[in-house]
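Peer 1: Handing you a structure now.
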Amino acid sequence: MSQPAGLRPSPPCAIVIFGAAGDLTKRKLLPAIYNLKVAGLLPRQLAIVGVTRKEKSHEQFREEQSKDIREFATRSVDDGLWKEIGDALYCQAGEFTDPATYSKLGALLKDVARVHATGGSVLFYLATPPDFFGGIVKRLGEAGLTGQSDDAWRRVVIEKPFGRDFDSARALNAELRAVLDESQIYRIDHYLGKETVQNIMVFRFANGLFEPVWNRRYVDHVQIMVAETVGVEDRGNYYEKAGVLRDMVQNHMFQLLNLVAMEPPTSFQADAVRDEKVKVLKAIRSMKPEEVLKQAVRGQYGPGVIGGQPVAGYRSEPKVAPDSNTETYAALALQVENWRWAGVPFYLRSGKRLGRRDTEIMIQFRRPPLLLFGQREGQIDPNRLVLHIQPDEGIEIQMKAKHPGPTMELNTVKLQFSYKEFGETSAATGYERLLYDSMVGDSTLFHRADMVEEAWRIATPILDVWASVTPRDFPNYAAGSWGPAAADALMGQVGRHWWLPT
Ligand code: BG6
């Protein structure tokens with residue numbers, strides 16, 4: 001992997017990971033740091049401090065990480081390159097709630113700044129359960145660890161979930177801003193680190209061809225789907241309190257919607273892009289309770305078959321209540337009420353244990369105004385543009401062509417571009433770009449406070465209705481299917497149907 005054109009190694013700094021003994025660190029963060037190293041995007045003057053609750057020596061921590069990287073790296077590990085990272089690893093044990101942890105961390109940061117010449121800049125990465133976010137930032141502030149100078153920055157990356165409804169997100173924003181300036185806060189969303197997600201903006205705004213038809217005059221509706229085959233695995237504790245609307249829709253899917261619906265920004269500066277994104281969310285009205293019943297569908301998987309294997313229903317998963325009413329599937333019909341999109345529905349759906357893993361955005365265009373070729377109404381498929389986000393990353397346009405032969409028969413054909421043509425799509429964790437950006441101080445791909453609050457403003461009324469009305473039909477879809485019948489009815493009532501990936 002060579003150094004991408006135009007990118008230089010990030011500036012010297014220390015990365016402090018709170019929750020370094022957790023899954024995220026070994027599965028994503030360290031492999032991403034290793035990939036950045038391979039790409040030549042890490043500075044030589046770097047130290048990485050893991051903050052763990054369990055006591056361990058620097059040496060022990062290094063050994064553990066060296067073992068884990070060999071299991072979780074997305075490429076084969078070069079011993080020499082890894083050693084440079086391994087030698088810069090440190091561990092600070094302590095409770096996240098104990099002020100002493102922060103004074104010890106402060107002393108360690110001074111030491112590593114001297115040994116590794118990091119210059120005093122620090123990226124704090126909060127890979128902890130969300131209940132700790134506010135408290136950690138408060139104590140970092142109290143310990144004097146968040147103050148910046150001209151040559152040393154201090155930034156905090158906050159993992160998801162950011163709040164669990166509008167009020168809690170707003171309260172967390174206030175807690176963070178009591179200590180930090182908004183420019184120091186990096187609310188991460190790993191969907192925005194995905195290559196094909198970043199490509200949506202390039203597709204729209206670096207090509208002159210699509211933007212003229214990207215509006216209510218030509219687009220009939222938009223569908224955004226994030227289908228997963230996995231269940232809740234061992235995350236029952238977390239998922240029981242979350243559900244798919246909080247876990248996937250409020251954050252990742254609203255971001256996909258933003259990218260499809262936003263106006264062209266005036267520049268690619270962080271705030272120019274985020275200003276346009278937040279405008280999209282602002283144009284989505286909060287649903288009234290009676291609208292929730294018509295425009296939102298929830299589901300929960302029962303037992304079924306995936307990939308030929310029988311799998312358990314959600315209520316039989318570990319750490320899940322046997323009478324749980326947590327939703328594992330959601331479908332929504334949203335209206336973006338602005339000049340460009342008025343009257344064009346955006347349909348979102350996401351679920352666990354669906355028939356296939358697939359993330360796609362489908363833009364369906366209006367039918368041609370006259371049927372010249374003898375087709376009957378309903379026989380002619382409209383043009384569709386499909387952005388395949390994962391796993392088969394690419395872009396496809398579906399159009400009609402004449403079938404070769406003496407009669408006028410029409411077939412649907414595809415114009416296709418596969419992202420594989422660029423190579424190297426599989427070697428990344430999705431965190432590389434986001435980590436790099438937070439080190440160089442580019443917050444374009446991170447959520448801003450107002451974006452998070454707007455997204456919760458839309459999601460909260462739906463959650464409120466769902467919390468107050470017990471679902472009578474759960475479980476209402478079989479694992480391995482495409483979701484509950486009510487979701488089909490949501491589309492059926494307006495004469496549409498869900499787009500099934502081909
Ligand atoms: C996470 C959710 O944010 O995204 C998980 O918490 C979900 O429940 C995951 O499985 C999906 O991410 P990806 O990158 O596999 O689509």
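Laboratory data are not the source of any read-out in this text; all were calculated from the coordinates shown. Quick caveat, the model's predicted, so the values are computed rather than measured. FYI the Cβ positions are ideal-geometry reconstructions off the backbone, even for glycines, and counts take in every protein chain you see.
Peer 1: Ratio to report: Rg/Rh of the range 306-385, with Cα atoms as the point set and Rh obtained by the Kirkwood method; give two decimals.
Peer 2: Using Cα coordinates only, the ratio equals 1.15.
Peer 1: Taking Cα pairs under 8 Å and at least six residues apart, what relative contact order does the chain come out at, in percent?
Peer 2: 18 percent
Peer 1: What number, in percent, do you get for the relative contact order of the range 227-294 if the mean sequence gap of Cα pairs under 8 Å and at least 6 apart is divided by its residue count?
Peer 2: 20 percent
Peer 1: How large is the dipole of the range 13-122 about the Cα centre if only Lys and Arg carry +1 and Asp and Glu carry -1, each at its Cβ, rounded to the nearest 20 debye?
Peer 2: Charge dipole of the range 13-122: 200 debye, to the nearest 20.
Peer 1: Let me ask something additional. Run the simple label-point estimate for D392 and A321 please: 7 Å along Cα→C-beta, distance reported in nm.
Peer 2: 4.1 nm
Peer 1: Continuing with this model, one more query. Can you list, largest first and rounded to whole Å, the semi-axes you get for the range 236-377 by taking the square root of 5 times each eigenvalue of its Cα gyration tensor?
Peer 2: Over the Cα atoms of the range 236-377, the ellipsoid semi-axes are 32, 23, 15 Å.
Peer 1: Using 12 Å as the cut-off for backbone N distance, which residues of the range 265-304 belong to the label zone defined by a point 7 Å from the Cα of E337 along Cα→Cβ?
Peer 2: Those under the cut-off are 282-288.
Peer 1: Still on this model: To the nearest 10 degrees, how steeply does helix 449-468 sit against the main Cα axis of the chain, on a 0 to 90 scale?
Peer 2: Relative to the chain, helix 449-468 is tipped by roughly 60 degrees.
Peer 1: Do me a favour and compute the ellipsoid semi-axes for the range 38-160 from its Cα gyration tensor, root of five times each eigenvalue, largest one first, whole Å.
Peer 2: Numbers: eigenvalues 119, 64, 41 Å².
Value: 24, 18, 14 Å, ordered largest first.
Peer 1: Can you tell me the convex hull volume per residue for the range 387-463, based on C-alpha atoms, in Å³ to the nearest whole number?
Peer 2: Here the figure is 190 Å³ per residue.
Peer 1: Would you mind checking the range 44-77 for residues with the amide N under 20 Å from a putative spin-label position 7 Å along Cα→C-beta of S418?
Peer 2: No residue qualifies, since no backbone N sits under 20 Å from the label point.
Peer 1: Based on Cβ point charges of +1 for Lys and Arg and -1 for Asp and Glu, what charge dipole magnitude is obtained for the chain about its Cα centre, in debye rounded to the nearest 20?
Peer 2: 680 debye
Peer 1: 7 Å from Cα along Cα→Cβ at both F132 and E182: what's the point-to-point distance in nm?
Peer 2: So the two model labels end up 2.8 nm from each other.
Peer 1: So what's the convex hull volume per residue for the Cα atoms of the chain, in Å³?
Peer 2: Expressed per residue, the convex hull around the Cα atoms of the chain is 169 Å³.
Peer 1: Also, I was wondering about something else. Which of the pairs K26/K160; K160/K194; K277/K420 have their Cα atoms more than 26 Å apart in this structure?
Peer 2: Over 26 Å Cα-Cα: K277/K420.
Peer 1: Could I ask something else about it? To the nearest 0.05, how large is the calculated FRET efficiency for H497 and R44 if R₀ is 41 Å and r is the Cβ-Cβ distance? Provide the component values of the computation, followed by the final result.
Peer 2: Details: r = 56 Å, r/R0 = 1.37.
Here the calculated transfer efficiency is 0.15.
Peer 1: Let me ask something else about it. Roughly how many nanometres apart are two label points built 7 Å out from the Cα toward the Cβ at D150 and F268?
Peer 2: 3.1 nm
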